[in-house]
């Protein structure tokens, strides 16, 4: 099994806090904000964002629901994205963008932001997870938010939050855990 680590190429690596703030502030349109802010604030996968529907949002409790091993997982809707969701989903049934369109929005905003390296949409999920680990979330809670089947997949973010390094293309040691390097 390929681990998260072997997919962590430079464009997949989490953004720094400065880069994340710069990316969020570069958004010009509601569509860009809906994509960038939601990915940064929820840690959703691109496919989960693409598949998000009105039925998966509970505005009264400020949660959205995404698939997880064994059912649905509950993800908080932040104050930053709540008004965007209220406005959009009051008029539309679904998120309304394909995975390719979501990736395109990310690439367009990244190119305007001045971030020097390539960044893909998955890097925003990694940014969310690493920031949550840095801010003290418990590993099991982050595992639940991300929808990871194995805790070893989630532990990568705690390693990164402590300043650990991951070599691009580094292979997992097996199906239940991933090796990390600290150089």
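No value in this document is a laboratory result; all are computed from the given coordinates. Bear in mind that the values here come from a model prediction, so they are computed numbers and not experimental data. No Cβ is skipped: glycine too gets one built from the backbone with ideal geometry, and neighbour counts run over all protein chains shown.
Between residue 103 and residue 55, the contour length at 0.36 nm per residue exceeds the Cα-Cα span by 14.9 nm. Averaged over residues, the count of other Cβ atoms within 10 Å places the peptides 154-163, 24-33, 114-123 in the sequence 154-163, 114-123, 24-33, highest first. Remark: 86, 18 ranked as 18, 86, counting other beta-carbon atoms within 10 Å and listing the fewest first. Taking every Cα-Cα distance in the range 5-161 and sorting them into 5 Å bins from zero, the calculated P(r) comes out as 1, 9, 19, 23, 21, 16, 8, 2, 0 percent. When you count the other C-beta atoms within 10 angstrom of each residue and take the mean per peptide, 99-106, 55-62, 125-132 line up highest first as 125-132, 99-106, 55-62. Stretched out straight at 0.36 nm per residue, the stretch from residue 140 to residue 91 would grow longer than its current Cα-Cα span by 14.1 nm. With r as the distance between the Cβ atoms of residue 111 and residue 162 and R0 = 30 Å, compute the FRET efficiency 1/(1 + (r/R0)^6) and round to 0.05. Calculated transfer efficiency: 0.45.
Exposure proxy shown here: for 89, 95, the number of other Cβ atoms within 10 Å sets the order, fewest to most, as 89, 95.
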